[in-house]
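Heads up, the thing below is written out as structure tokens.
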Amino acid sequence: MATSHDELAGVVDLFGALTPGELREALSELAFKAGREANEEAISGRIAAATEAYALVESEEGGETLLVPGPTAFPDLPPDATDLPHIMSVPERSVDRDALGERVVEELLAAAETSDEEAERAELREVSYDVEAWAAVDASAVRARLD
């Protein structure tokens, strides 16, 4: 079951925030509903790729790692995802998006410092604009460092 970054963000957005384990469980449930067997390694790989692309962002809240839809995501629900809240018991959680946005800007700054590939630098520049729309942060320092 191929799940795009936006579909992963859509599943997370359905709940507001999910732990990585809960997202893996949700994707396993969707695979089951589609009559397929879940491939845990592939699911973990898709989550890692979406996090690397800033479609999902990790947050540490209350001692647990949570995933939230990130600045590059356009959350979209995969088939049967609307059934997930009826299948899974997930507590309500809140995430400070502005604080998370500041952390993303710090990550982008660090990545800009070590990036020497033009395609990667262009992607970092795009994400810097996305994060400003996603959270109340200023990412102009990222663009200045890339220049």
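The values are calculated or read from the model by the stated rules, or taken from the named source; none is laboratory data. Remember, it's a predicted structure, so these values are computed and weren't measured experimentally. Reconstructed Cβ throughout: ideal geometry from the backbone, glycine too, with neighbour counts over all protein chains shown. The area values use the complete protein model at the heavy-atom level, side chains included, leaving out ligands, DNA and RNA. Shrake-Rupley method; radii C 1.70, N 1.55, O 1.52, S 1.80 Å.
Mind listing the Cα extents of the range 72-128 along all three principal axes, in Å, largest one first?
Extents along the principal axes: 46, 26, 14 Å.
Identify the trypsin sites (Lys or Arg not before Pro) of the range 1-92 meeting these criteria: DSSP loop state and at most 11 other C-beta atoms within 10 Å of the C-beta.
ARG36
Just want the answer: with Cβ charges of +1 for Lys and Arg and -1 for Asp and Glu, which residue in PHE15, PHE32, ILE43 is farthest toward the dipole's positive end in the range 1-145?
Highest projection toward the positive end goes to PHE32.
Scan the range 23-117 for GluC sites (Glu not before Pro) in coil per DSSP, keeping those whose Cβ has at most 13 other Cβ atoms within 10 Å, and list them by number.
GLU37, GLU92, GLU117
Which of LEU18, LEU67, LEU30 moves most in a GNM of the chain, Cα contacts under 10 Å?
Answer for the Gaussian network model of the chain: LEU30.
For the chain, what does the helix formula give at 222 nm: sum of -39500 (n - 2.57) over DSSP H segments with n ≥ 4, over the residue count, nearest 500 deg cm²/dmol?
-17500 deg cm²/dmol
For the chain, divide the Cα radius of gyration by the Kirkwood radius and give the resulting Rg/Rh value with two decimals.
Checking Rg against Rh, the ratio lands at 1.00.
Rolling a 1.4 Å sphere over the protein heavy atoms, what is the accessible area per residue of the chain, to the nearest Å²? Before the final figure, lay out the partial values.
Working: 7820 Å² over 147 residues.
Normalised by residue count, the accessible surface of the chain is 53 Å².
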